[in-house]
Amino acid sequence: MMRRMKRCCLLVIYNILLIPTLLSQNHYENEMDCFITDLMERMTLREKLGQLNLPSGGDLVTGSVMNGELSDMIRKQEIGGFFNVKGIQKINALQHLAVEESRLKIPLLVGADVIHGYETIFPIPLALSCSWDTLAVERMARISAIEASADGINWTFSPMVDICRDARWGRIAEGSGEDPYLGSLMAKAYVRGYQGNNMQGNDEILACVKHFALYGASESGRDYNVVDMSRLRMYNEYLAPYKAAVDAGVGSVMSSFNIVDGIPATANKWLLTDLLRDEWGFGGLLVTDYNSIAEMSSHGVAPLKEASIRALQAGTDMDMVSCGFLNTLEESLKEGKVTEEQINAACRRVLEAKYKLGLFSDPYKYCDTLRTREKLYTAEHRSSARTIATETFVLLKNDRHLLPLDIKGKIALIGPMADARNNMCGMWSMTCTPSRHGTLLEGIRSAAGDKAEILYAKGSNIYYDAETEKAATGIRPLERGDNRQLLDEALRIAARADVIVAALGECAEMSGESVSRTNLEIPDAQQDLLKALVKTGKPVVLLLFTGRPLVLNWEATNVHSILNVWFGGSETGDAVADVLFGKVAPSGKLTTTFPRSVGQLPLFYNHLNTGRPDPDNRIFNRYASNYLDESNEPLYPFGYGLSYTDFVYSDLQISSETLPKNGELTVSVTVTNKGNYDGYETVQLYLRDIYAEIARPVKELKGFERIFLKSGESRDINFVITENDLKFYNSGLEYIYEPGEFDVMVGSNSRDVQTKRFKVE
Ligand code: BGC
C-alpha cells in the first residue's frame, strides 16, 4: 500500500514536471514546423538547393570584406552557410548581405574548426583526453564556444570522436584516443560545452560530431584510406562515441571521407539513415566532409552528378565544398532520379538547424562586437587553459625523482621547440594569434625569476634535410640554422648547466590531417641532439612535444625523465613551468598506447585474445602469436602516467562473488598517497568476460575516478557494477550480457592491476 502510494505520488510529480516540458517541447516543434513550412512554400527550387550548399569562405573571402563570387551567391541565396572565415567584421558583412539583400532573408550558418579553443587555445584533444577530466573538457568546449561565438561563429566542426589505434595516422591527435568508453564520456562533455543550454544563449553554438564513421581505422594509418571492418567490431569497438554525442543532443553530424562496407560514408544509406537516423534517432543536420561528394569519383563509385544523387538519397543534407547539390540536383530532379521530397527534407533540416540556433529571430545573435572586444583571450580563459594544460601532461619516466626541478643553479633549455612561439598550439589552431602567446623559454624564465639562470640554445633543426622540414612544419615554418653550428652551440650551453631540459619531438604540423608517418621516432636531427646531451653525463629531462604516440625505446632507457607535454595550447609556457618546477604534480594518463615498434601497429590494450596468446612476453615464442624480433608489449600502456608522488593500491574487495540478476556489486580499493607531494590519481576499473558466444577483449575500461590525495592521505574508492557494464553486441547484434564468470581489475593503468573474479547468474 505504502509502496503504491509512493509510486502514485511519484507519478504525479513526474507528470507535473514532465508534461509542461513535453507540451512546451511540442509547442516549440510545432512553431518551428509551421515557420519552416511557410518559408519553404515561398522558396524556389534553386533557393532550396542553395541551403544545401556549404562553400569554404577561405578561398572566397579576401581583403577586408569579400570578393564578388561569395557575395553574389549570398544575394542569390545559393549558399546555406560558409566556413573558414575569421573576423567579426567580415562575418557581419556577409550575414547582412544574406539578411538584407537576398529575397527571403535567410540567415547563414557560419562554421569553423574550433576543436581545442579559438583565441585561447587549449591542449590538443588527444592531450585533453589524457586528463580523464570530463569537466575540464566541458569547460574547454564552453570557453571555445564563448570565444568563437563572440567572433561571429555559430557552428563548430567538433567533437572529433574517431577511435584510433594506429599512431601512424596523424589525426589521432584530434580525438580522444583508443577507448570507446572514455571516448563516449568525452564526446558528451564536448557537446554539452559547445551547445550549452540547447543553443539558447548567444554564446552557445551548434556542435558537429565527426567523422561518421570509423575514419580512425584507416588502413596502414594512411589518411583518407580504406576502412573495412565487421559489423561486430563497429558496434562493439568503434561506434559508441558517435552514439554518445547523438544521445547528448549534438545538433549536427559530419560524415567521413572513408568507405564503409565498400561505399563512401558520404553516400552510405545504411550508415547515414538506417543506423544514424532510424536506429539512433538522430534528427539533426548531416553535412559531408570537405569535397567528399566530388571525391566519390576518385573512389571509383560515381561522378559528381550521380554522387550527389546518392549522397542525398543516403541522408546527406549539406554538401561541403563540392557544389554537387547546387549544380546537379535540379537536372536530376527533372530526370526523376531524385524527388522533391528528398530535397525538401534536406532543406528543412538545414533550416531547422538555423531555427534552433535562433538565427531567424535574431540573425545577428552571433555578431555582437561588444562581445568580440570583451570575450576573446581573457585572463579568465587563459587561466583555465593553463590549469587544464597541466592536467594533460603525462610523466612517462622519472628516474631518481629528477623532476620536479629545484629552481636553482643553471638550467639549460635546449631544443627547437623551446622558443617556437607559433608551434605550441598544435594542429587546427588557425583561429588564434600566436604572436600573443608566450614561448616555453619565456614561461620557464618567468617562473624561475632570479632564483635560477635559464640558458638557452635551439640545438637542432627539426630535420637535417630542409625539404623534409619544410613539409613537416607546413604553415608554421621555423627559422633554420646550420646543423653543425646548432649542435656545437647546444653543447657549449649544456657544458655550463647543472641540468638539461630538452624540448623536442614533433613540431605542430607533424600531426593532424594528412600527416601520416611510417617512422615514429623523434626526427633525426633532434634525436642526435638528445643523444649528445645525454652523453654529457648531466641529468636530462626530455620535454616531449608530440601529437601522437612516438617510439621512444632509446629515450626510455637513456634519458632520466620524460614529460610528454603534447601540444599544450596558448598557455604552454606557463603550464610546463608549473609542472617542471613542481607547483603542480603531473596527473595525465595515456589514452593511447605507446608502441615499441611501428611494426606492432595497430596496437591497443582492449584487444581480443588469439587461440595462441604469447605465454610470457619474451621476444619470441615459436607457434605463439608474437614477433620474432619484438615483444607484444607496448612501451607505455593505455592508462599509464606517473606522478611526482607514489600512489599505492591495496585491499581490492568485491561485495559479493555473485552479481545477482538486476542487482549490483560493489568493488572497492584503497588508494594511498605514500609520496611527498599532493596530487591527482585516476583510478581505473577494467572488466573481462571470461567466456562468451563471441571472443571478448582481454580487458575493457568500465569505470574510473580522478581523485586528489594529499601526501600521506588514503581513500577507499568504490565502483558499482551492474549488468549494464557487462553488455556487448552478440553475433546477432543484440546488446546483451551473458551469465558466467568475469574478472574485475582495478589499478593505476591497464597493465598494473589487481584482479578479482565474480559470477553472474
Ligand atoms: C576535415 C574536417 C574539417 C573540414 C572543414 C576536412 O578536411 O576532414 O575535419 O572539419 O575539413 O575544415
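Numbers below:
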read-out	value
Filter result for the condition that a residue is hydrophobic (A, V, I, L, M, F, W, C), open to solvent by 10 Å² or more (accessible area, probe 1.4 Å) and within 23 Å of A577 (Cβ to Cβ), over I444, I493	I493
Unmet requirement for E331, which otherwise passes all of (1) in contact with a Pro (Cβ under 9 Å, 6 or more places away or on another chain); (2) away from the ligand (no atom under 16 Å from the Cβ)	(1)
Subset of the range 228-267 (residues that are hydroxyl-bearing (S, T, Y), outside any helix (DSSP H, G or I) and within 16 Å of the ligand (Cβ to nearest atom))	S252, S255, S256
Flag if M160 is within 27 Å of G201 (Cβ to Cβ), modelled with pLDDT of 95 or more, within 16 Å of the ligand (Cβ to nearest atom) and within 14 Å of the chain's Cα centre (by Cα)	yes
Meets criteria (free of Cβ contacts under 8 Å to residues at least 40 places away in the same chain and either closer than 26 Å to I172 by Cα or open to solvent by 50 Å² or more (accessible area, probe 1.4 Å) (or both)) for R476	no
Those residues of the range 287-300 which are without any contact (Cβ under 8 Å) to a residue 40 or more places away in the chain and part of a loop (DSSP other than H, G, I, E, B), in sequence order	T288, N291, S292, I293, S297, S298, G300
Qualifying residue in the range 653-666 (condition: out of contact with any helix residue (DSSP H, G or I) (no Cβ under 8 Å at 6 or more places or on another chain) and closer than 30 Å to M234 by Cβ)	yes
Helices (runs of 4 or more DSSP H) fully within the range 18-117 counting 1 or more residues that are at pLDDT below 90 and surrounded by fewer than 16 Cβ atoms within 10 Å (Cβ to Cβ)	57-60, 68-75
Residue within the range 288-300 that is open to solvent by less than 40 Å² (accessible area, probe 1.4 Å) and either more than 16 Å from the ligand (Cβ to nearest atom) or closer than 25 Å to K105 by Cβ (or both) present	no
Where F708 falls short, out of the listed (1) open to solvent by 70 Å² or more (accessible area, probe 1.4 Å); (2) in a loop (DSSP other than H, G, I, E, B)	(2)
Pairs, first on the phi < 0 side of the Ramachandran plot and buried (at least 18 other Cβ atoms within 10 Å of the Cβ) in the range 267-286, second modelled with pLDDT of 95 or more and charged (D, E, K, R), C-beta under 6 Å, six or more apart	A267/R310; L285/D317; L285/R349; L286/D317
Which numbered condition Y224 fails, given (1) touching a helix residue (DSSP H, G or I) at 6+ places or on another chain (Cβ under 8 Å); (2) within 16 Å of the ligand (Cβ to nearest atom); (3) open to solvent by 10 Å² or more (accessible area, probe 1.4 Å)	(1)
Filtered residues of the range 118-170 (kept if under 23 Å from S750 (Cβ atoms) and not hydrophobic (A, V, I, L, M, F, W, C))	P123, P125, S129, S131, D133, T134, D162, R165, D166, R168
Residue, surrounded by the most Cβ atoms within 10 Å (Cβ to Cβ), within the range 227-255, restricted to residues that are charged (D, E, K, R) and in contact (Cβ under 8 Å) with a residue 12 or more places away in the chain	E237
Selected residue (only one of V744, V671 is part of a strand (DSSP E or B), at negative phi, in contact with a strand residue (DSSP E or B) (Cβ under 6 Å, 6 or more places away or on another chain) and touching a residue at least 60 places away in the same chain (Cβ under 8 Å))	V744
Qualifying residue in the range 268-285 (condition: within 15 Å of the ligand (Cβ to nearest atom) and not in a loop (DSSP other than H, G, I, E, B))	yes
Hey, A207 within 15 Å of the ligand (Cβ to nearest atom), at pLDDT 95 or above and of a type in the set (A, V, I, L, M) or not	yes
Filter result for the condition that a residue is touching a residue at least 60 places away in the same chain (Cβ under 8 Å), within 14 Å of the ligand (Cβ to nearest atom) and open to solvent by less than 10 Å² (accessible area, probe 1.4 Å), over E178, E174	E174
Pairs where the first residue, in the range 454-471, is modelled with pLDDT of 95 or more and the second is polar (S, T, N, Q), C-beta under 8 Å, 6+ apart	G459/Q526; S460/N483; S460/Q526; N461/N483; I462/T473; I462/Q526; Y464/N483; E469/N461
Residues of the range 528-559 satisfying the condition of being more than 23 Å from C425 (Cβ to Cβ), in contact with a His (Cβ under 9 Å, 6 or more places away or on another chain) and open to solvent by less than 10 Å² (accessible area, probe 1.4 Å)	V540
Test result for A189, more than 16 Å from the ligand (Cβ to nearest atom), of a type in the set (A, V, I, L, M, F, W, C) and buried (at least 24 other Cβ atoms within 10 Å of the Cβ)	yes
Any hit, the range 128-151, residues being in contact (Cβ under 8 Å) with a residue 12 or more places away in the chain, within 13 Å of the ligand (Cβ to nearest atom) and within 11 Å of the chain's Cα centre (by Cα)	no
The one condition in (1) of a type in the set (G, A, S); (2) over 30 Å from H607 (Cβ atoms); (3) not in a strand (DSSP E or B) that A136 fails to fulfil	(2)
Test for T316: is it part of a helix (DSSP H, G or I), crowded, with 22+ Cβ neighbours inside 10 Å and within 16 Å of the ligand (Cβ to nearest atom)	no
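Yes/no matrix, rows are residues, columns are (1) more than 33 Å from the chain's Cα centre (by Cα); (2) of a type in the set (F, W, Y):
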{"residue": "G68", "(1), (2)": "yes, no"}
{"residue": "M73", "(1), (2)": "yes, no"}
{"residue": "F83", "(1), (2)": "no, yes"}
{"residue": "E100", "(1), (2)": "yes, no"}
{"residue": "K105", "(1), (2)": "yes, no"}
{"residue": "V110", "(1), (2)": "no, no"}
{"residue": "I121", "(1), (2)": "no, no"}
{"residue": "L126", "(1), (2)": "no, no"}
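The values are calculated or read from the model by the stated rules, or taken from the named source; none is laboratory data. This structure is a prediction, so every number in the text was calculated from the model and none was measured. As a convention, Cβ positions derive from the backbone with ideal geometry for all residues, glycine included, and neighbour counts pool all protein chains shown. Protein only, heavy atoms only, side chains kept; ligands, DNA and RNA dropped before computing areas. Shrake-Rupley method; radii C 1.70, N 1.55, O 1.52, S 1.80 Å.
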